[in-house]
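Below you'll find the structure, written out as structure tokens, and then a few comments.
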Amino acid sequence: MTLAHEMPPDAALPPRHDWTREEVRALFSLPFTDLVFQAASVHREHFDPAEVQISTLLSIKTGGCPEDCGYCSQSAKFETGVKAEKLMDLEMVLAEARAAKAGGASRFCMGAAWRSPKERDLEKVCAMVEGVKALGMETCVTLGMLDHAQAQKLKGAGLDYYNHNLDTSPEYYERIITTRTYRDRLDTLDHVREAGIHVCCGGIVGMGESLEDRVGMIVALASLPVHPESVPINMLMQVEGTPLGESAKIDPLDFVRTIAVARITMPTSMVRLSAGREHMSEETQALCFVAGANSIFYGPKLLTTPNPARDRDMRLLDRLGLRAME
Ligand code: SF4
């Protein structure tokens with residue numbers, strides 16, 4: 001009999017898209033040390049484990065969103081104190097992008113709190129994408145749902161990545177969002193793929209979901225016809241005024257497990273430590289890097305929630321002997 005901890009990492013094999021719930025559940029159930037060892041081994045097969053990709057995220061249009069994502073400070077349906085703002089000017093966005101580049105970021109992500117972009121707004125975002133590309137940075141935007149033509153237009157502007165998360169398992173989804181369906185999300189991801197834009201797609205843990213929901217979320221992500229090039233795994237930031245503002249905090253070790261299972265099931269994707277780092281100990285973040293996380297958001301704010309100060313991030317990467325990926 002082969003014990004789980006004796007199994008060789010199967011990282012040399014091409015990524016699989018047929019992960020079953022049983023297999024993913026079995027990964028989550030491994031002893032912590034075996035799981036992290038397996039994830040670290042897979043990570044090393046595909047990436048230099050000393051490199052971390054650094055992205056900066058800017059909210060180009062904050063608040064007033066008509067959607068009802070239960071975790072979000074920007075929904076107009078909840079009293080969170082976030083005011084609705086207009087779309088930022090191109091020049092202000094480019095100034096932020098230049099500062100991010102000077103701070104070491106190689107990818108500049110722009111987020112707008114929309115259900116989906118209106119035509120005139122999309123034109124403006126396309127100009128932002130072109131401007132940021134001209135600075136020599138990779139571009140990513142998250143604008144809500146896209147149809148086929150909108151995705152094509154963004155591709156035409158040179159967009160590299162589109163972020164659209166599945167958030168959670170298909171079964172738990174309706175407890176979190178009612179204004180758009182899981183199918184809507186998959187359709188947007190299809191349009192993005194068809195346009196030839198890379199996909200950034202992950203989820204959030206700590207929303208009161210069960211372990212089985214985490215299994216379902218990972219299976220949904222790892223079953224996409226092409227794995228997302230970036231997989232952000234977020235730890236819920238409890239925002240006062242939202243339905244999830246009082247959620248119990250997730251055990252940090254369960255968060256590390258989710259990172260590890262994402263790494264094993266999507267071996268060639270960048271697994272990103274996203275929201276929630278502000279409330280994570282440096283030791284937990286270090287464990288996430290060991291378990292295969294190799295991307296972070298960097299900068300004082302993640303859309304509207306705080307993110308660790310840049311200096312603290314750099315000191316942590318230094319202490320861990322990690323460096324920014326080119
Ligand atoms: S997560 Fe995005 S779509 Fe949902 S409420 Fe917030 S800004 Fe709107």
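Within the range 77-85, does at least one residue satisfy the condition of being within 16 Å of the ligand (Cβ to nearest atom), modelled with pLDDT under 95 and under 23 Å from ALA127 (Cα atoms)? Yes: the range 77-85 contains one or more residues that are within 16 Å of the ligand (Cβ to nearest atom), modelled with pLDDT under 95 and under 23 Å from ALA127 (Cα atoms). When the range 174-229 is filtered for residues that are buried (at least 17 other Cβ atoms within 10 Å of the Cβ), part of a helix (DSSP H, G or I) and hydrophobic (A, V, I, L, M, F, W, C), the ones remaining, listed by number, are LEU189, VAL192, VAL215, MET217, ILE218, VAL219, ALA220, LEU221, ALA222.
When TYR71 is tested against (1) without any contact (Cβ under 8 Å) to a residue 40 or more places away in the chain; (2) open to solvent by less than 50 Å² (accessible area, probe 1.4 Å), only condition (1) is not met. The number of residues in the range 146-173 that are open to solvent by 10 Å² or more (accessible area, probe 1.4 Å) and closer than 22 Å to VAL205 by Cα comes to 5. Got at least one residue in the range 286-297 being modelled with pLDDT of 95 or more, open to solvent by less than 10 Å² (accessible area, probe 1.4 Å) and within 24 Å of ALA99 (Cβ to Cβ)? Yes, some residue in the range 286-297 is modelled with pLDDT of 95 or more, open to solvent by less than 10 Å² (accessible area, probe 1.4 Å) and within 24 Å of ALA99 (Cβ to Cβ). Counting only residues that are assigned to a helix (DSSP H, G or I) and either in contact with a Ser or Thr (Cβ under 9 Å, 6 or more places away or on another chain) or open to solvent by 20 Å² or more (accessible area, probe 1.4 Å) (or both), the range 43-59 holds 3 of them.
Every listed requirement among (1) modelled with pLDDT under 90; (2) surrounded by 15 or more Cβ atoms within 10 Å (Cβ to Cβ) is met by ALA102 save one, (2). In the condition set (1) touching a Gly at 6+ places or on another chain (Cβ under 8 Å); (2) open to solvent by 10 Å² or more (accessible area, probe 1.4 Å); (3) within 16 Å of the ligand (Cβ to nearest atom), MET88 is compliant with all but (1).
The values are calculated or read from the model by the stated rules, or taken from the named source; none is laboratory data. As the structure is a computational prediction, the values presented were derived from the model and not from experiment. We place every Cβ from the backbone using ideal geometry, glycine too, and count neighbours over all the protein chains shown. All accessible areas refer to the heavy atoms of the entire protein, side chains included, with ligands and DNA or RNA removed. Shrake-Rupley method; radii C 1.70, N 1.55, O 1.52, S 1.80 Å.
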